[in-house]
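Right, one structure below, let's go through it.
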Amino acid sequence: MPQTILITIAIALRILSNPLANVFQKQLTTKGNHPLIVNFLSYFLLSVCCGVLAFFIKIPYLNHDFWLYSILGGVAGAVGNGFLVKALHLGDLSVLGPINSYKSVVGIIFGIFLLSEIPNVWGVLGIALIIYGSYFVLDTTDEKFSWKLLKRPEIQFRIWAMVLTAIEAVFIKKIILASSTTVAFMSWCVFGALFSFVMLFFYRINVKAEFRKTVKTNYLNSFLLLIGCIGTMQFTTNYILDYMPVGYALSLFQLSIIISIFFGYRFFREKNIAKKMVGSVIMIVGSVLIILMKN
């Protein structure tokens, strides 16, 4: 029973912290901060916290699998989250949030091959409902639910972010199996910081100029709130993945879409909220089906 309560609390924190982090990411980028700088600083500041944490925990022997999947997860996470911040900079939170519902499908596909996690009939049905609900949300765009929608840069960025972070979730579970929830979190922060820093040079970002601009914007509180949300989101993600198959966990995380839609309206005055809510309810029914029938 205590474990069930802890998992429930972790799911609730994960569902709330993710869209809240998206709000701070969108606010910071719309105020002139470069999306990739926001991405790097998020990882870097969390890595500093992990450096302090390392003095207070016992780190076990880390085998070959740990380092391999830490590198792969770091690359997937850094690039995926970089795309996510760029998507939030360009698009509506209430549309980009629900698109993430497809992550569970990607997670299940890679989970089958890398973790031997085979979904049952109820799991597949729940995921189908999540995808069907996304139709109502995407139908509120000018291009409707069509191939034309894929031409929008924010949608392309969001899809790449979704795919890469879904793959990252599989790697994270591999890291957890090779170490622990806490060590996997530290690995996520440090390797994410490393590869997101490399991305700055890959995209030829003028690092000095962008850092100077970021300091002048004086949004330290927003950055601190952002890393608090991201840290909470990732640690609870690791904890949940330690007890649940990746595909099902990613499906549960889609419950946050209704919060994303509300935040999109509350903070950025986004429109067509009613239809987006209908789609969100259908998605939530699919997620609840997965929760109740996962065994």
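Values for this structure:
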read-out: Residue 3 versus residue 150: modelled label distance in nm, points set 7 Å from Cα along the beta carbon direction; value: 4.2 nm
read-out: Two-site FRET efficiency, residue 128 against residue 202, from Cβ-Cβ distance with R₀ of 41 Å, rounded to 0.05; value: 0.65
read-out: Ordering of 263-273, 23-33 by packing [mean C-beta count within 10 Å, highest first]; value: 23-33, 263-273
read-out: Mean Cβ count within 10 Å, highest first, over the residues of peptides 221-228, 278-285, 46-53, 76-83; value: 76-83, 278-285, 221-228, 46-53
read-out: Separation of the residue 215 and residue 12 label points, Cα + 7 Å toward Cβ, nm; value: 4.2 nm
read-out: Gain in span if fully extended, residue 52 to residue 64, counting 0.36 nm per residue against the direct Cα distance; value: 1.8 nm
read-out: Out-of-range pairs (alpha-carbon distance over 28 Å; input 174/213; 31/151; 58/173; 86/208); value: 174/213
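Taken together, the values in this text are just the output of simple stated rules run on the coordinates, not laboratory data. Please read all numbers here as calculations on a predicted model, not as lab measurements. Neighbour counts run over all protein chains shown; Cβ positions are idealised from the backbone, glycine included.
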